[in-house]
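All remarks here apply to the structure that follows.
The values are calculated or read from the model by the stated rules, or taken from the named source; none is laboratory data. The structure presented is a predicted model; accordingly, all values stated were derived computationally and were not measured. Here Cβ is always computed from backbone atoms with ideal geometry, including for glycine, and neighbour counts include all displayed protein chains.
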Amino acid sequence: MNQVLVAGHICLDIIPAFKGKVTFDPGRLFEVGEAKISTGGAVSNTGQALHKLGVRTSLAGKIGKDLFGKAICEVLEKNGLGLSRGMQVSETDSSSYTVVISLSGEDRMFLHSPGCNNTFVANDVSDSAIADARLIHFGYPTLMARMFADDGAELESLFRRAKELGATTSLDVSLPDLSSPAGQADWERILKRVLPYTDLFLPSIDELLFMLDKASFAAFQGSEIPSHEFERLSDLALDLGAKVVAVKAGARGLYLKASSILEGLGRGEPENLLEWQGVELWAPVFEVEVDGTTGAGDATIAGLLMGWLRGMSPDLAVRAAVAVGACCCEQADAVSGVKSWEEIETRLQSEWPVRELVLPEEWSFNGTTFRKETR
């Protein structure tokens, strides 16, 4: 049995190497360096990271019968024999691709074509694939038109079926183009349908704010989101049915809050489930020389899921998550910076400095994570 089935969005990432400052002025030509070609999207990023961490992983995505689709399969096979077996091949739709604009000292920009991700539906993930995994992780329904259409009917169908088949479920999202159909969708209504069947919900703080409080999302643009908003929004997600919420916060680390009652989480639940019950943690990030942040959130999720499945304590699991995410940032693409868990564990045993994190007084630092003792 596989430990994890990673399903959802997959694309080809094209990452040009910029030689200096670039401003996108019409009519100008900028010389760039060699482009890195890698696979992107949650299926590739989280799936390959889990594979590199030593977690038995299968993938389920959709590609076109074209050169980009062929390149996606070649990259997957290069990084793990058999990883491309779960790709559905469309005879009519084109493969998805993303041009990643990653400039030094600035956040990334993406030029994205969804391709056949837009035709992906719940039945593209088979019952046998779900039954062969302890946990199913689905990523980026925000970039998959059929998965958010009709208030998320296909997404709800997939997660409901996964729970009926006894799997633990995990959901990651992405921030959509606000002017696109995904940006105009009623994501709070979609989450109301899907989160009752979701054991682990793993958004970023911007994504969570956008989906559950658009007014505050607009108000906080360009400013740091206060720490109390993480708790408020996570409580909203828990009230909608999620069992564990982990919120990615970029350079501020990873925030985790779990329901006070955890039960019936499927065959992927850890043996130490009671340790997770009611916890509220914050893990600061490790200091690294950043070459790029592409895929860092997906790698962080891979580290957390690995820790969950291996029965780590919540403190150790969130620490593992930010460690994997930090390693990812040391390379420009989404996968090559991730090392084996043995290599990362050895690094954790060294004097690896963490970035300073300022939290209210009710948070206490125990040497690895901040913990809020309010229960």
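Do you know which residues across the stretch 108-144 are part of a loop (DSSP other than H, G, I, E, B) and among the acidic types (Asp, Glu)? Answer for the stretch 108-144, where residues must be part of a loop (DSSP other than H, G, I, E, B) and among the acidic types (Asp, Glu): just ASP132. Looking only at the stretch 30-63, which residues are in contact (Cβ under 8 Å) with a residue 60 or more places away in the chain and among the basic types (Lys, Arg)? The answer is LYS36, LYS52, LYS62. Residues in the stretch 6-26 include none that are at pLDDT 95 or above, touching a Cys at 6+ places or on another chain (Cβ under 9 Å), of a type in the set (Val, Ile, Thr) and not in a loop (DSSP other than H, G, I, E, B). Listed by first and then second residue, the pairs linking a residue in the stretch 309-320 that is farther than 20 Å from HIS51 by Cα to a residue that is in a helix (DSSP H, G or I) and charged (D, E, K, R), with Cβ atoms under 8 Å apart and 6 or more places separating them unless they lie on different chains, are SER313/GLU275; PRO314/GLU275.
Taking the criterion of being surrounded by 18 or more Cβ atoms within 10 Å (Cβ to Cβ) and within 16 Å of SER44 (Cα to Cα), the residues of the stretch 89-120 that qualify are SER95, SER96, TYR97, THR98, VAL100, HIS112, PRO114, GLY115, CYS116, ASN117, PHE120.
In the stretch 160-173, the residues that are over 13 Å from THR46 (Cβ atoms) reach residues that are crowded, with 24+ Cβ neighbours inside 10 Å and hydroxyl-bearing (Ser, Thr, Tyr) with C-beta atoms within less than 7 angstrom, at least six apart or across chains, in these pairs: ALA162/THR169; LYS163/THR169; THR169/THR198.
Of a type in the set (Lys, Arg), in contact (Cβ under 8 Å) with a residue 12 or more places away in the chain and surrounded by 18 or more Cβ atoms within 10 Å (Cβ to Cβ), is that true of ARG189? When the stated conditions are applied, ARG189 does not pass them.
Every condition in (1) touching a residue at least 12 places away in the same chain (Cβ under 8 Å); (2) over 26 Å from LYS339 (Cβ atoms) holds for GLN221 except the one numbered (1).
Listed here are the residues, each with its yes/no results for (1) surrounded by 15 or more Cβ atoms within 10 Å (Cβ to Cβ); (2) at pLDDT 95 or above; (3) among the basic types (Lys, Arg).
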| residue | (1), (2), (3) |
| --- | --- |
| VAL75 | yes, no, no |
| ALA122 | yes, yes, no |
| VAL125 | yes, yes, no |
| PHE138 | yes, yes, no |
| ARG161 | yes, yes, yes |
| ALA185 | yes, yes, no |
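Of the helices (runs of 4 or more DSSP H) that lie entirely inside the stretch 265-375, those containing 1 or more residues that are small (Gly, Ala, Ser), touching a Gly at 6+ places or on another chain (Cβ under 6 Å) and crowded, with 21+ Cβ neighbours inside 10 Å span 296-309, 314-328.
State whether one or more residues within the stretch 47-66 are under 27 Å from PHE201 (Cα atoms), touching a His at 6+ places or on another chain (Cβ under 8 Å), modelled with pLDDT under 95 and crowded, with 16+ Cβ neighbours inside 10 Å. Scanning the stretch 47-66, I find no residue that is under 27 Å from PHE201 (Cα atoms), touching a His at 6+ places or on another chain (Cβ under 8 Å), modelled with pLDDT under 95 and crowded, with 16+ Cβ neighbours inside 10 Å, so the answer is no.
Is it the case, given these coordinates, that LEU209 is in contact with a Leu (Cβ under 9 Å, 6 or more places away or on another chain) and over 25 Å from GLU188 (Cβ atoms)? Here the answer is no, as LEU209 does not meet what is asked.
If I ask for residues that are more than 16 Å from LEU254 (Cβ to Cβ) and either of a type outside the set (D, E, K, R) or in contact (Cβ under 8 Å) with a residue 60 or more places away in the chain (or both), which ones from the stretch 359-375 would you list? Passing the criteria: PRO360, SER364, GLY367, THR374, ARG375.
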